[in-house]
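See below for the structure under consideration.
Every number in this text was worked out from the coordinates using simple rules, so none of it is lab data. A quick note: this is a predicted structure, and the numbers were derived from the prediction, not measured. When we count neighbours, we look across all protein chains shown, and the Cβ atoms used for this are built from the backbone with ideal geometry, even at glycine.
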Amino acid sequence: MPEIALVDTVDRALLTSYLTSYLSRFQDSSMKSWPVQDAKARFSELLETCLRDGPQVVTRRGADTAVLVPMNYWLRAQSAAKPTLKDLLLSDDRRGDLNIRRGGFHRRKPRALA
């Protein structure tokens, strides 16, 4: 699964910021907020509203806690969140360990010129 390997090598904060900025473009005043009790009790309605009207916010004690988004929004957000080669090369994250063996250096024997 290349997506899992990509997430492991990329700074998770960078990935989260990409997803957050992408999803924030879809937020507007028409996005409905659902208290967690209502979301649990009326999940089918929450899902239908999400599919029809777009992302829906679930709140706990008045604070935004989660967002239910349609699958096509999620797939677009994930594809937009993949870092470019430039982002990967410029990141400070380690890219892996190089196991270079030292020793065992052998010179070639010189050949006689014919």
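Straightening the chain between Gln37 and Thr65 buys 8.8 nm, computed as 0.36 nm per residue apart minus the Cα-Cα spacing.
Taking the Cβ-Cβ separation of Arg111 and Lys82 as r and a Förster radius of 41 Å, what is the calculated FRET efficiency to the nearest 0.05? In this case the efficiency is close to 0.20. Taking the number of Cβ atoms within 10 Å of each Cβ as an exposure proxy, the fewest-first ranking of Ser44, Ser33 is Ser44, Ser33.
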